[in-house]
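To keep things clear, I will list the structure first and then write my remarks on it.
The values are calculated or read from the model by the stated rules, or taken from the named source; none is laboratory data. In this text the structure is predicted, and so the values were computed from the model without any measurement. A quick note on method: Cβ atoms are made from the backbone with ideal geometry, for glycine too, and the neighbour counts reach across all protein chains shown. Surface areas here come from the heavy atoms of the whole protein model, side chains and all, with no ligands, DNA or RNA. Shrake-Rupley method; radii C 1.70, N 1.55, O 1.52, S 1.80 Å.
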There are 2 protein chains.
Amino acid sequence: MTRMSAAERRAALTEAALRVVSREGLAQATTRAIVAEAGMSLASFHYAFESRDELIDELIGVVVARERKAIAVDELAAAAEQGASLGDLLEAGMLRYFEHLREDPEHEQAMLELTQYALRSPERHPLAIAQYARYVDLLVEALAAAAELTGTTWRLPVDQVARVLVAFSDGLTITWLVDRDDAAAARVAAAAADAVSRMADPR
Amino acid sequence: MTRMSAAERRAALTEAALRVVSREGLAQATTRAIVAEAGMSLASFHYAFESRDELIDELIGVVVARERKAIAVDELAAAAEQGASLGDLLEAGMLRYFEHLREDPEHEQAMLELTQYALRSPERHPLAIAQYARYVDLLVEALAAAAELTGTTWRLPVDQVARVLVAFSDGLTITWLVDRDDAAAARVAAAAADAVSRMADPR
DNA sequence: TTGCAACTGGGTCAATTGTCCCAGTCACGG
DNA sequence: CCGTGACTGGGACAATTGACCCAGTTGCAA
């Protein structure tokens, strides 16, 4: 194994862990499976991390920090120029998220498993809260831009609107992961966009 | 340990397993933890079940079969008599589900974990599909009754409407399990009811 | 009452898994 | 070029866990 700094090694192990969790599930992400995926020896693992739990905790932090908004603001702007309504923008955003989900279902499944893992112990619960707070933050930005571009105003604080949209996206995710029904997911996206767009008034 | 028939024993073990999974999570539901919860010896476990997996599979079947609709039809009728709109009925239904969630969050968390477990292997995936099909079935009944009582007609096949509502309920569940924000959950319930009620027309 | 099959308790086993250790080896600053 | 400390490979270990086994025991039918 080539030499690398402690930071690089931690990062490499974290990436390997994410791949294993995505592919085989959190329960199968043993220290041995992770080092095998990373092409290292067990000793390297415990040189970089105190314990498996420490790695999983770091993994959650990493994937959460890496979450990107599904809708880029300039894309929103382009659509708005063409006279799209707020509802149109939201639906396009939902469909874009769905596209992302279809491209890498295992990743979203892994995120869900990590959330449930975090929910299971009081000291890790904050990780789950941070994860969802991050989701809300990303959507707050997009929702504020969308309202701005379509000349509308949110009747509620934007973060409350975002919180609703996070719930809808999550529901879309789980149900689709179960039945893989694309048309049904599209209907969920449309209904969610519709409901949320009604939380704004024209300015 | 008192004597009991194989069927009773299987049932007792299944109940014990559900309690362990709810309280400590699926990962902690080892054969030993389950028999301890049931007050049996390990031998009894393997007398009643071939393997732990067989019990978990049965557990999924049992909890799914036991799912009851959150809204009783006669309750719907009473509300409709008082002039409630379809949207009102749906929102009341969502809030009632939420009440149920608040009363026993661990049970819903267990259901979610069982779904994810089923999703992780091809031969168990059908269990997850059956689980969600059951959710849809329960809602189909309620939605059909609600439309009937309010003199409206679903523009889409009822099961498609139900499928959307299942997604919304699931989203409400996960996000609330994470942040325990009652007000936010109520907003999700209202938005979901609103969106779904727009899928019907007056007759 | 008696025979027996259903059932149970307690122990055992192999496999898995998290963690650790130690003898080496390699990169790099002096 | 060399010493040293960072790093690695391979092995070891205890704990956990799913599965199993067997010698008993007990309820019940005849």
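I need the full set of residues from segment A:127-137 which are open to solvent by 20 Å² or more (accessible area, probe 1.4 Å) and more than 14 Å from B:D181 (Cβ to Cβ), in order please.
Correct list: A:L127, A:A130, A:R134, A:D137.
One line per residue, one yes/no per condition, for (1) touching a Leu at 6+ places or on another chain (Cβ under 9 Å); (2) in the same structural domain as A:G87 (by TED's automatic domain parsing); (3) open to solvent by less than 20 Å² (accessible area, probe 1.4 Å):
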residue: A:A142; (1), (2), (3): yes, yes, yes
residue: A:A146; (1), (2), (3): yes, yes, yes
residue: A:L149; (1), (2), (3): yes, yes, no
residue: A:W154; (1), (2), (3): yes, yes, no
residue: A:V158; (1), (2), (3): yes, yes, no
residue: A:V161; (1), (2), (3): yes, yes, yes
residue: A:L165; (1), (2), (3): yes, yes, yes
residue: A:G171; (1), (2), (3): yes, yes, yes
residue: A:T175; (1), (2), (3): no, yes, yes
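So, in segment B:20-36, how many residues would count as being under 16 Å from B:V63 (Cβ atoms) and open to solvent by 10 Å² or more (accessible area, probe 1.4 Å)? I'd like the intermediate steps shown before the answer.
Taking segment B:20-36 first, the residues under 16 Å from B:V63 (Cβ atoms) are B:20-23, B:25-26, B:29, B:34.
Okay, now just the ones that are also open to solvent by 10 Å² or more (accessible area, probe 1.4 Å), so B:22-23, B:26.
Residues meeting the conditions: 3.
Only residues that are open to solvent by 30 Å² or more (accessible area, probe 1.4 Å) and at the interface with chain B (Cβ under 7 Å from one of its Cβ atoms): list them for segment A:177-203, please.
Start the filter on segment A:177-203 by keeping residues that are open to solvent by 30 Å² or more (accessible area, probe 1.4 Å), which leaves A:179-183, A:186-187, A:190, A:194, A:198, A:201-203.
Across segment A:177-203, the qualifying residues are A:D179, A:R187, A:D194, A:R198.
Considering only residues of segment B:19-70 that are in a loop (DSSP other than H, G, I, E, B) and aliphatic (A, V, I, L, M), which is farthest from DNA strand D (Cβ to nearest atom)? Spell out how you get there, then give the answer.
Pass one, segment B:19-70, residues in a loop (DSSP other than H, G, I, E, B): B:25, B:29-30, B:39-41, B:49-51, B:67-70.
Next cut, aliphatic (A, V, I, L, M) only: B:29, B:40, B:70.
On the way: B:A29: 7, B:M40: 11, B:A70: 33 Å.
This residue is B:A70.
Given the structure, is A:Y132 within 13 Å of the chain's Cα centre (by Cα) and farther than 27 Å from B:Q160 by Cα?
Working: within 13 Å of the chain's Cα centre (by Cα): yes; farther than 27 Å from B:Q160 by Cα: yes.
Yes: the conditions hold for A:Y132.
Which of the residues belonging to segment B:71-90 are over 17 Å from B:V136 (Cα atoms), open to solvent by 40 Å² or more (accessible area, probe 1.4 Å) and either among the hydrophobic types (A, V, I, L, M, F, W, C) or in a helix (DSSP H, G or I) (or both)? Outline the logic, then answer.
First, pick out the residues of segment B:71-90 that are over 17 Å from B:V136 (Cα atoms): B:74-89.
Adding the requirement that they be open to solvent by 40 Å² or more (accessible area, probe 1.4 Å) leaves B:74-75, B:78, B:81-83, B:85, B:88.
If the condition is that a residue be over 17 Å from B:V136 (Cα atoms), open to solvent by 40 Å² or more (accessible area, probe 1.4 Å) and either among the hydrophobic types (A, V, I, L, M, F, W, C) or in a helix (DSSP H, G or I) (or both), then B:D74, B:E75, B:A78, B:E81, B:D88 are the ones that fit.
Identify all residues within segment B:103-126 that are open to solvent by less than 50 Å² (accessible area, probe 1.4 Å), within 22 Å of A:Q28 (Cβ to Cβ), more than 10 Å from every other protein chain (Cβ to nearest Cβ) and part of a helix (DSSP H, G or I); write none if there are none.
Step one: filter segment B:103-126 for residues open to solvent by less than 50 Å² (accessible area, probe 1.4 Å), giving B:105, B:107-119, B:121, B:124-125.
From what is left, the residues that are within 22 Å of A:Q28 (Cβ to Cβ) are B:109-119, B:121, B:124-125.
The next check asks that each one be more than 10 Å from every other protein chain (Cβ to nearest Cβ); those that pass are B:110-111, B:114, B:124.
Listed by number, the residues that qualify are B:A110, B:M111, B:L114.
Can you say whether B:L172 is under 13 Å from the mean Cα position of the chain (by Cα), closer than 30 Å to A:S22 by Cβ and more than 7 Å from chain A (Cβ to nearest Cβ), as far as the supplied structure shows?
Numbers: under 13 Å from the mean Cα position of the chain (by Cα): yes; closer than 30 Å to A:S22 by Cβ: yes; more than 7 Å from chain A (Cβ to nearest Cβ): no.
Criteria not met by B:L172.
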